[in-house]
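Presented below is the structure to which this report refers.
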Amino acid sequence: MNSDRVFAIAWLLLSAAAAWVATGFTAEFSYEPVGPRAFPLLLCVLMALCSIWLLVFPGPKVAWPERGGAFRLAIMVAALLAYALVFQWLGFAIATALLTIVLGRLFGGGWMACVATGALMGISLFFLFDRWLEVTLPIGTLIEGLL
């Protein structure tokens with residue numbers, strides 16, 4: 001069996017478990033028009049669809065990454081963990097910009113392009129979610145302390 005299919009089955013099971021957990025999300029008061037369930041359930045549906053795609057159309061068999069590739073994967077996992085840890089403190093826009101810069105550099109982007117893209121993504125996604133979709137995102141305790 002192709003390793004992509006094994007991953008797809010595991011990810012599909014994880015998506016189903018996450019969706020089951022997300023159906024129990026409730027809020028004491030309505031602070032968003034769609035409620036707390038919609039965003040996690042949408043992500044679970046998208047993850048499940050991608051898993052099914054990978055299950056039906058797996059990629060070619062490839063070797064495990066070499067030492068440099070495994071190190072880059074470890075940095076990526078550490079960056080995502082750091083993003084989750086500093087998300088509330090730095091706020092969505094700054095944390096997303098920093099994550100975009102790190103991931104862009106890992107994939108071979110230049111400094112100027114990564115910084116510009118990070119700033120653009122952090123600010124534009126904040127306004128997209130916070131203003132247009134009315135999903136409350138943290139501004140960051142660091143920024144609130146400066147204001």
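Which of the residues that make up the range 35-87 are in a loop (DSSP other than H, G, I, E, B), of a type in the set (G, A, S) and over 22 Å from L13 (Cβ atoms)?
To start, the set of residues in the range 35-87 that are in a loop (DSSP other than H, G, I, E, B) comprises 35-37, 57-66.
Restricting the remaining residues to those that are of a type in the set (G, A, S) gives 35, 59, 63.
Within the range 35-87, G35, A63 meet the criteria.
The rows are residues; the columns are (1) under 16 Å from the mean Cα position of the chain (by Cα); (2) more than 20 Å from R72 (Cα to Cα).
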| site | (1), (2) |
| --- | --- |
| A82 | yes, no |
| I94 | yes, yes |
| A97 | yes, no |
| L103 | yes, no |
| G118 | yes, no |
| L128 | yes, yes |
| I143 | no, yes |
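Pull out all pairs, ordered by first then second residue, where Cβ-Cβ is under 7 Å, the residues are six or more apart or on different chains, the first lies in the range 100-126 and is more than 26 Å from I139 (Cβ to Cβ), and the second is modelled with pLDDT under 95 and not small (G, A, S).
Here the result reads L106/R72; L106/I75; L106/M76, each pair linking the range 100-126 to a residue that is modelled with pLDDT under 95 and not small (G, A, S).
A quick yes/no check of all residues on (1) surrounded by 14 or more Cβ atoms within 10 Å (Cβ to Cβ); (2) in contact with a helix residue (DSSP H, G or I) (Cβ under 6 Å, 6 or more places away or on another chain); (3) farther than 26 Å from D4 by Cα:
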{"residue": "L49", "(1), (2), (3)": "no, no, no"}
{"residue": "R67", "(1), (2), (3)": "no, no, no"}
{"residue": "A70", "(1), (2), (3)": "no, no, no"}
{"residue": "A79", "(1), (2), (3)": "yes, yes, no"}
{"residue": "A82", "(1), (2), (3)": "yes, no, yes"}
{"residue": "G91", "(1), (2), (3)": "yes, yes, yes"}
{"residue": "A113", "(1), (2), (3)": "no, no, yes"}
{"residue": "G122", "(1), (2), (3)": "yes, yes, yes"}
{"residue": "D130", "(1), (2), (3)": "yes, no, yes"}
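Given the criteria in contact with a helix residue (DSSP H, G or I) (Cβ under 8 Å, 6 or more places away or on another chain) and either outside the structural domain of P40 (by TED's automatic domain parsing) or of a type outside the set (D, E, K, R) (or both), does G145 qualify?
Judged against the criteria, G145 is not a match.
The values are calculated or read from the model by the stated rules, or taken from the named source; none is laboratory data. All of these numbers come straight from a predicted model, not from anything done at the bench. FYI the Cβ positions are ideal-geometry reconstructions off the backbone, even for glycines, and counts take in every protein chain you see.
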